Amino acid sequence: MQITLTDVRVDGRREPMLEPMDLAWSTGESVLVAGEPGHGHTALALVATGRFDPSAGEVRLQPASTPSRRSGRSSRGAAATLRDVTAVVDVPGISEPDDALTVADVVAEGLALAGRRSLPSDVTRWLADHSLTADRSRRLDQVPGVVRTALLAALAAEDPDVRFLVLTLPDRHGGEPSGWWEVAQSLAAAGYGVLVQCTRASARDLGVDLPPARGASIHEPPVVVLRTRPTPPPAPDPAPVDPPDAAEPGIAPQAGDDLRSDPGLDERAAAENDPEEGR
C-alpha cells in the first residue's frame, strides 16, 4: 500500500499551516521528515492520514479501498479507508495522552481504541508481552521518551486495519534520536509504513547532512531527509518433523491404513490361493 501527497497545502487564518509539499511513503518503509517545530508538523500528520482536508492538492491511498479486518467495521469510502488504515501517534494537542495517566491507564485506553478487549487482565497480559510490567503504575511523563514512543506506537498498531503510522516529534520528549528511529525501523520491518517527524537538529544527530534553518527556510514545510526499507526479520526455522514410527508386529491395521504397504499381505494372499497350504 502507498500514500501519496501531491502539491498539498493547508491554509490557516492568517498564514499557511502547511506550505505546498509532495510526499509518498509505502508499507514496509520508514520515512523521516525534518522541519522546525510549529511549521507544518501537525497539519502534515492530519492531512496525510485523511483527518483533515487539504486546502489544495491531493492525498491518495493506493489501493483506494481494502477489506476491513476489524470486527464490526464494514467497508467504507476512500476517505474513511485512509483514516482506518492510518494512525497518528502522540501528535501534540491531538492524540497525545494526558501525562498524568499511568502506563496501565494508557494501555487500557489504547486497547479500547484499537477495538481490543481492555479488561485489567488484558492490560496485565499486554504489559507483560511488551516487557512493561515494572512500569505499570508510573505516570506517562515519568517514562523515558523512547519507551513512551514505543508504547504508543505499539498500541496504535493493535488495530488490525492500521498499516501506516505517523510519529510526530518524538524528540520533544528527550533521549537519543537513535532510540525512536530504531522503533520506527522495527515497525517498518514488520510491514508498517512509518512516517517520523522531527526537528532538523534531530535529523543531523541521525547523520543527515542538513544545515540549520535560516531566513526563509524557517518557514519551509518539513522535508524528506531519510528513507529506509529495513529487512524483515528472518522467519523461524520450521520444527523438524519426526518420521512416522513403523507398525509393530501383531498390531491390526486401522481404518484408513494403506494395506498395500502391509509386508504380510502378499504371503497371506499366496497361502489362501495354495490348495496344499490349505490342507
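FYI, it's all coordinate maths here, none of it is from the lab. Small disclaimer: the values here were computed from a predicted structure and weren't measured. Neighbour counts run over all protein chains shown; Cβ positions are idealised from the backbone, glycine included.
Values as computed for the structure displayed
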read-out	value
Amide H partners (placed H, <5 Å) of TYR192, local residues excluded	GLY28
Qualifying trypsin sites (Lys or Arg not before Pro) for segment 87-183 [loop in DSSP, other Cβ within 10 Å: at most 13]	ARG117
Gained length - GLU176 relative to ALA64, 0.36 nm times residue gap less alpha-carbon distance	36.6 nm
Extension gain from THR27 to ALA112, taking 0.36 nm per residue of separation minus the Cα-Cα distance	28.1 nm
FRET efficiency, ASP209 to ALA56 (Cβ-Cβ, R0 41 Å, nearest 0.05)	0.85
Trypsin sites (Lys or Arg not before Pro) restricted to DSSP loop in segment 1-47 with at most 10 other C-beta within 10 Å	ARG13, ARG14
Relative packing of peptides 42-53, 18-29, 57-68 - highest average C-beta neighbours within 10 Å first	42-53, 18-29, 57-68
Neighbourhood charge, 15 Å Cβ-Cβ cut-off, centred on ALA184 and excluding it, Lys, Arg +1 and Asp, Glu -1	-2
Distant-in-sequence amide H partners of MET17 (H built 1.01 Å from N, under 5 Å)	VAL10, ASP11, GLY12
Simple label model, 7 Å out from Cα along Cβ direction - ILE94 to ALA201, nm	2.3 nm
